[in-house]
1. Would you check if there is a residue in the range 92-99 being touching a Leu at 6+ places or on another chain (Cβ under 7 Å), in a helix (DSSP H, G or I), at negative phi and among the aliphatic types (A, V, I, L, M)?
2. Scan the range 61-83 and report the pairs whose first residue is on the phi < 0 side of the Ramachandran plot and whose second residue is exposed (fewer than 12 other Cβ atoms within 10 Å of the Cβ) and of a type outside the set (Asp, Glu), with Cβ atoms within less than 6 Å and a gap of 6+ or a chain change.
3. Among the listed residues ALA34, ALA43, ALA78, which satisfies the condition of being part of a helix (DSSP H, G or I) and surrounded by 12 or more Cβ atoms within 10 Å (Cβ to Cβ)?
4. Determine which member of the set ALA116, ALA128 is open to solvent by less than 50 Å² (accessible area, probe 1.4 Å), in a helix (DSSP H, G or I) and either β-branched (Val, Ile, Thr) or more than 22 Å from VAL10 (Cβ to Cβ) (or both).
5. What are the residues in the range 131-162 that are over 17 Å from the mean Cα position of the chain (by Cα), in a helix (DSSP H, G or I) and touching a residue at least 24 places away in the same chain (Cβ under 8 Å), if any?
Amino acid sequence: MTPASERRAVRRGILMAWALFLVVVVPLLSLFRALSPVSPDDALAVALALPALCLAAGVGWAARLRFGGDSIDGTAPASGSGLDLTLRYVRNTTEQTVLFALASGALYLSAPLVAAWVLTPLAFWFAAMRIAFWVGYRRAPHLRALGFAGTFHPTVGLLLLSLAMIAAG
């Protein structure tokens with residue numbers, strides 16, 4: 001695949017993430033807002049636990065691959081190997097988890113009632129998009145764009161929402 005076609009595939013993945021967010025998450029946010037099914041504390045707990053579970057799955061899978069492979073001694077795995085891709089997933093998921101946890105905490109502190117209906121759907125979306133990232137990465141590196149954009153862009157939106165809540169007082 002040429003760099004130009006890879007860029008087109010990445011662009012498609014980003015647009016697909018946005019479209020899926022609008023079709024799946026926006027209606028869920030409306031439903032959660034209307035029903036208020038969880039408390040702010042429970043919403044924050046879900047927003048911290050699900051991303052941590054995604055990270056734990058990657059760490060566990062990497063350990064399994066190390067134990068059963070040639071890198072049991074901790075040496076760097078071969079580029080493009082299953083362990084290499086899993087460690088890349090773990091690294092990116094760590095970055096995304098830290099951002100999502102900070103954004104979730106900021107919203108919880110600035111607007112707990114908004115956090116009650118926003119955080120749970122976004123946490124489940126985060127988990128689904130991390131799975132999409134891992135699956136896409138294992139198929140072909142450019143296919144990770146759906147999962148990356150599906151995690152990163154809503155997290156940035158969550159940070160901006162937090163700042164807007166703070167500014168609104």
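The values are calculated or read from the model by the stated rules, or taken from the named source; none is laboratory data. Quick caveat, the model's predicted, so the values are computed rather than measured. Counting neighbours? That spans all protein chains shown, and the Cβs are built from the backbone with ideal geometry, glycine included. Just the protein is used for accessible areas: all its heavy atoms, side chains included, with ligands, DNA and RNA removed. Shrake-Rupley method; radii C 1.70, N 1.55, O 1.52, S 1.80 Å.
1. no
2. These pairs meet every condition: ARG66/ILE72.
3. ALA43
4. Exactly one residue qualifies, and that residue is ALA116.
5. If the condition is that a residue be over 17 Å from the mean Cα position of the chain (by Cα), in a helix (DSSP H, G or I) and touching a residue at least 24 places away in the same chain (Cβ under 8 Å), then LEU161, SER162 are the ones that fit.
Yes/no per residue for (1) open to solvent by 80 Å² or more (accessible area, probe 1.4 Å); (2) closer than 29 Å to ALA116 by Cβ:
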residue: ALA4; (1), (2): no, no
residue: LEU50; (1), (2): no, yes
residue: ASP73; (1), (2): yes, no
residue: LEU83; (1), (2): no, no
